[in-house]
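Undergrad: Could you have a look at this structure, given as structure tokens, before my questions?
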Amino acid sequence: MKQQILDKIKEYETIIIHRHVGPDPDAYGSQCGLANIITESFPNKKVYRVGKHEESLRFLSDLDEIDDSIYEGSLVIVVDTANSPRIDDKRFDKGAELIKIDHHPNNDPYGDLVWVDTTASSTSEMICEFQETFAEELTLTAVAARLLFTGIVGDTGRFMFPNTTSRTFAYVSKLTTYEFDRPAIFNTMYKKDARVLHFNGYVLQNFKMSEKGMIHLKITPDLLTEFNVTSNEAAMLINTVAQVEGVKVWVFFVEEPERIRVRIRSKEIVINDIAADYNGGGHPLASGATVYSWEEADRLIADLENACK
Ligand SMILES: [Mn+2]
């Protein structure tokens, strides 16, 4: 599959790279890292990185704004995106051919070529593998190394999540032979606004843990207003309860105007099948879902509680 992808990259003059909505460091890292590798290796090709900027990740890379006409006869590559509704910029199907590169379960195998590796920590790690496989043809620079490093750090939670493997460390070891400012990346990625830290204090004071080791927290609009945090900022704090002794599964509910957004995490118990029952899905130990009432939220809590048996 990697060879076929490289052949397609060589074949096309214009390549447009997409990633998922609500981008995280791995989305930016794999998208812009791959773009840089292609640009450095084939200077005559036109390579574009599309999608909406996420302010907190702007430090990683510029993006491109492109006309519809550029899609004509182009190769489109989508990275780090499990299903087509989550692809940022709906024009992804306007090119001549479509490639999917991802590390999430392949429930929606969109694309003419699909390379999915659920054993990879991140799509950034897969891009490292892609570059290394064809190292004589694909040039890695400090720019791409910084992007891919940041993507891997993001998806592995600084190498603490179980998706981190010896392969991950091998690629990271190689990336760190390039010169870029690692402390600056960590400082930027993990800095938190005082408002958010105050809300984090609330989270730590108010989560509920059941006897079976299930933690849940319900976050209402009143609470968001009181602490002046956005629903996104609140949802991001999900892993601050991961360190609680005895916790097996933990879930946050954040009420938004049209829905209640759900984030579920787990140490060992598989939860993406339960998330799928509630308009969601994701990784076996890290999923998202959506419910539309607090009664439905309570049913989800009961299902997760059951899974903790
Ligand atoms: Mn990812």
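Values in this text are rule-based calculations from the coordinates and carry no lab data. Just so we're clear, the structure is a prediction, and the values are computed from it rather than from any experiment. Please note: Cβ atoms are built from the backbone with ideal geometry, for glycine as well, and neighbour counts cover all protein chains shown.
Undergrad: Sequence-distant or interchain residues sharing an amide H contact under 5 Å with residue 80, placed H: which?
TA: 101, 102, 103
Undergrad: Place +1 on the Cβ of every Lys and Arg and -1 on the Cβ of every Asp and Glu in the chain, take the dipole about the Cα centre, and give the residue among 229, 21, 292 whose Cα lies farthest towards its positive end.
TA: 229
Undergrad: Moving on. About its Cα centre, what dipole magnitude does the range 109-232 give when the only charges are +1 on Lys and Arg Cβ and -1 on Asp and Glu Cβ, stated in debye to the nearest 20?
TA: Working: 11 positive and 14 negative charges, 140 e Å.
Dipole magnitude for the range 109-232 comes out near 680 debye.
Undergrad: Let me ask something else about it. With just the Cα atoms of the range 194-307, tell me how far they stretch along each of the three principal axes, in Å, largest first.
TA: Dimensions of the range 194-307 along the principal axes of its Cα atoms: 34, 33, 22 Å.
Undergrad: Taking 0.36 nm per residue of sequence separation and subtracting the Cα-Cα distance, how much length would be gained by fully extending the chain between residue 86 and residue 72, in nm to one decimal?
TA: Details: separation 14, 0.36 × 14 = 5.04 nm, distance 2.22 nm.
My answer for the length gained is 2.8 nm.
Undergrad: Which far-off residues, 5 or more places away or on another chain, put their amide H under 5 Å from the one on residue 256, with H placed in the peptide plane?
TA: Here 261 satisfy the definition.
Undergrad: Note down the magnitude of the dipole of the chain about its Cα centre, charges +1 on Lys and Arg C-beta and -1 on Asp and Glu C-beta and zero elsewhere, to the nearest 20 debye. Don't skip to the end; give the middle numbers.
TA: Numbers: 33 positive and 48 negative charges, 164 e Å.
Dipole magnitude for the chain comes out near 780 debye.
Undergrad: Additional query: In terms of Cα to Cα distance under 14 Å, which aspartates and glutamates are near enough to residue 174, apart from those fewer than 8 places away along the same chain?
TA: 125, 129, 132
Undergrad: Pick from 77, 185, 101 the residue whose mean-square fluctuation is largest in a GNM of the chain, springs joining Cα atoms under 10 Å.
TA: 185
Undergrad: Give me the extension gain from residue 4 to residue 58: residue separation times 0.36 nm, minus the current Cα-Cα distance, reported in nm with one decimal.
TA: Numbers: separation 54, 0.36 × 54 = 19.44 nm, distance 3.18 nm.
Difference between extended and current length: 16.3 nm.
Undergrad: Under a 10 Å cutoff between Cα atoms, tell me which one of 162, 257, 85 has the largest fluctuation in the Gaussian network model of the chain.
TA: Highest fluctuation among the options: 257.
Undergrad: Could you count how many Lys pairs in the range 178-309 have their Cα atoms under 14 Å apart, skipping same-chain pairs fewer than 8 positions apart? Don't skip to the answer; put the middle values down first.
TA: Numbers: 208/218; 208/248; 212/248; 212/267; 212/309; 248/267; 248/309; 267/309.
For the range 178-309, qualifying lysine pairs total 8.
Undergrad: Report the longest stretch of the chain that contains none of the GluC sites (Glu not before Pro) sitting in a DSSP loop with at most 14 other Cβ atoms within 10 Å.
TA: Working: sites that count: 13, 65, 72, 136, 137, 179, 211, 245, 258, 268.
The answer is 73-135.
Undergrad: Taking the alpha-carbon centroid of each part, what is the distance from the range 251-309 to the range 91-151 in angstrom?
TA: 28
Undergrad: To continue, here is another question. Taking the C-alpha atoms of the range 1-150, how large are the radius of gyration and the largest Cα-Cα span, Dmax, in Å?
TA: According to the Cα coordinates of the range 1-150, Rg and Dmax are 13.6, 37 Å.
Undergrad: Let me know the whole percent of all Cα-Cα pairs from the chain that are separated by more than 25 Å. Display every interim value, and only then the final one.
TA: Working: 24487 of 47586 pairs.
Taking all Cα-Cα pairs of the chain, the fraction more than 25 Å apart is 51 percent.
Undergrad: Where Rh is the Kirkwood radius over the Cα pairs of the range 252-309, the temperature 4 °C and the viscosity 1.567 mPa s, what D in µm²/s does Stokes-Einstein return?
TA: On the way: Rh = 11.1 Å.
Roughly 116 µm²/s, to the nearest whole number.
Undergrad: Report the residue, chosen from 120, 194, 275, that carries the largest GNM mean-square fluctuation when the chain is represented by alpha-carbon nodes joined by springs under 10 Å.
TA: Most flexible of the set in this elastic network: 194.
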